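Nothing in this text is a laboratory measurement; each read-out follows from the coordinates by a stated rule. None of these values were measured; they are calculated from a predicted model. Ideal geometry is used to build each Cβ from the backbone, glycine not excepted, and the neighbour counts take in all protein chains shown.
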Amino acid sequence: MKISLLLRCISLSILFTTFSCGPTDPPPPEPQFPLTNQFNYQVYWEWNELFKKLDRVATGYRPCPATRALAYLGLSAYESVVPGMPFHKSLAPLFTGLDLPQADPDVEYFWPACVSESYYYMLERLFPHLQNSPNPAAAAAFAQIAILRSSLRSEFSEGMLKLTVLERSEEFGRNIATAVFNWSKTDLVGHNVFLDPQPSGYVPPYGPGLWKPTPPNYNSALFPTYGHVRTFAMNQADLISPPPIPFSELSSSPFYAQTLEVFFTVNNINNPDPNQQDWAYNQLWISEFWSDDNLYSTFSAGTRWISIADQMVANEELNLAICAELYAKLGLTLHDLTVATWKSKYIYNVERPISYIRRVLPSDYFTAAKWKTLLNNPVTGLMGLSPAYPAYPSAHAGYGGGGAKILSSFLENTPGYTGNYNFTDLSHQYEMTFLGTPRTFSSITQMGEECAYSRIPLGVNYRMDCEAGLELGRLAAQRVLELPWEK
């Protein structure tokens, strides 16, 4: 039976006192004020749940700006509470131009209020286009930012907390957020990129095997310059995936073989043999369970890993300090992976399977001329969609690789957790328009790998896209884990 987090902390404290202090050593001094780890996860959970609602209705936000927002939110909140984490340090010295205010070590801070005010300040500025949106759902979601801040402030005030401590804490969180947001604006490519996600001036290269707008909507390219957005941990050499399989239309080529896998997988899901019914259902379930593609239907693919993290954090009742580190690492990973993926996508410009299948395969398979993916939009009714950007590498796969690696670093093979982490993902348990039935996994790594694979039965990516994306995500996570978080 798993030991609770509180008991683990008490046990570690006893061990440290017993074995670290000699007979004449004085006991370690008690902290003058409460530390970050003395508070629970609730404030993070509340704000992240609201972020999911905002992301769900935010035009221009998927998939790239959503992960950028998560990175700056995570960094700002971490910096607002790291003064109360004696074994951790600020990341600000790593980033040129990021000058942060310093906490006063001689006064008390209420760390949950620091996090809350940081999120409040950042979210109003990260989603400005929702405030006066003609879409009632978007405007209502934006209004929830101020409502949640007020609600949490009331909760904080109901305890024995002194008003001066609350106000001081909010001011510190707000000042940190102001500095982080102002620094974010110096990333000229990334700042407010959601306002023009499909720039009219971009003309994709033309030629065999190169990406072009796909049926049924033939949308123009999304975020073609996003590969130039500033990263946090990945260097320029990290941002480019190894080259894809060489393009070929020969039926004997590896590229043709990878296309056939997508073609037949989707066909067999649509028209399974009698002995394949269970297989076909499971493949459809996998493809739709991970398909966080459509605005107003779900949150975006990167945010899915925030949803997963929220569930794990609540299940394990993690403390505020662990949450600060976890969400910062997760946000930075998802962001850097997005930049790397988009840089690679628009270097290689690999066409989507639907384009290759409809153009090349009909000479051998006559049904290929009208072949469709399984990516459908329950809001617009459009069916057989493909994302409006090149295929290689897969961003979904990258989020699986990076998100899983970060979460595993906290919950698998770490003190208090041995072996694999068994988990049931409830992200879409109430969805009625697609197969969002919860799925159970024997490990976090398994989750990430299934997320990556899901793009094949959905019909939107080749296997090489998924494999390259998975590795790129793991590299992004590794680079973030290598940052100097601890003293």
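Projection of the Cα convex hull of the stretch 336-478, averaged over all directions and equal to a quarter of that hull's surface, yields 10.2 nm². Between 0 and 90 degrees, the angle of helix 163-184 with respect to the longest Cα principal axis of the chain falls at about 40 degrees.
Considering the values (1) 47, 38, 21; (2) 42, 24, 21; (3) 54, 23, 21, which represents semi-axes √(5λ) of the Cα gyration tensor in Å as calculated for the structure under consideration? Of the labelled values, this structure produces (2).
Our compactness index for the stretch 124-227, the C-alpha radius of gyration over the empirical 2.2 N^0.38 Å, is 1.63. If R0 is taken as 22 Å, the Cβ-Cβ distance between GLN102 and ARG153 corresponds to a FRET efficiency of 0.35. Highest mean packing first, where packing is the average number of other Cβ atoms within 10 Å per residue, the peptides 379-389, 410-420 line up as 379-389, 410-420.
Close amide H contacts of PHE441 (hydrogens built in the peptide plane, cut-off under 5 Å, sequence separation of 5 or more or a different chain): PHE423, THR424, ASP425. One chain, two ends: ALA237 and THR186. Fully extended at 0.36 nm per residue, the span grows by 16.1 nm beyond their Cα-Cα distance. Across the chain, the relative contact order, built from alpha-carbon pairs under 8 Å that are at least six residues apart, equals 22 percent.
Assuming charge only on the beta carbon of Lys and Arg (+1) and of Asp and Glu (-1), the dipole of the chain about its Cα centre is about 1160 debye to the nearest 20. Given R₀ = 60 Å, what would the calculated FRET efficiency be for THR367 paired with LEU163, taking r from the Cβ atoms and rounding to 0.05? According to the calculation, E is roughly 0.25. Among residues other than ALA391 with Cβ under 13 Å from its Cβ, the summed charge is +2 (Lys and Arg +1, Asp and Glu -1). At full extension, THR380 and THR424 could sit 12.9 nm farther apart than now, given 0.36 nm per residue minus the alpha carbon distance. Charged neighbours of SER408, selected by a Cβ distance under 13 Å, balance to +1 (K, R count +1; D, E count -1). Peptides 337-350, 146-159, 308-321, 283-296 ranked from most to least packed give 337-350, 283-296, 308-321, 146-159, packing being the mean of other C-beta atoms within 10 angstrom over each peptide's residues. Spread over its residues, the convex hull of the C-alpha atoms of the stretch 174-295 is 205 Å³ per residue. Highest mean first, the peptides 204-214, 113-123 sorted by other C-beta atoms within 10 Å per residue fall in the order 113-123, 204-214. Label-to-label distance, ARG359 versus GLN42, with points set 7 angstrom from Cα along the beta-carbon direction: 5.7 nm. Applying 0.36 nm per residue to the separation of GLU486 and THR433 and subtracting their alpha-carbon distance, the gain on full extension is 14.6 nm.
Taking Cα atoms only, the orientation of helix 277-289 departs from the longest principal axis of the chain by about 50 degrees.
Positive end of the dipole of the chain (Cβ unit charges, origin at the Cα centre): among VAL165, GLN276, TYR389, the Cα lying farthest that way belongs to TYR389. Around TYR462, with a cut-off of 12 angstrom between Cβ atoms, what is the net charge of the other residues, counting Lys and Arg +1 and Asp and Glu -1? Value of the local net charge: -1. Between the stretch 404-462 and the stretch 91-139, the C-alpha centres lie 29 angstrom from each other. Each Cα pair under 8 Å and six or more residues apart adds its sequence gap; the mean of these over the residue count of the stretch 99-221 is a relative contact order of 33 percent.
Computed from label points 7 Å out along Cα-Cβ, the spacing between TYR417 and ASN315 is 0.9 nm.
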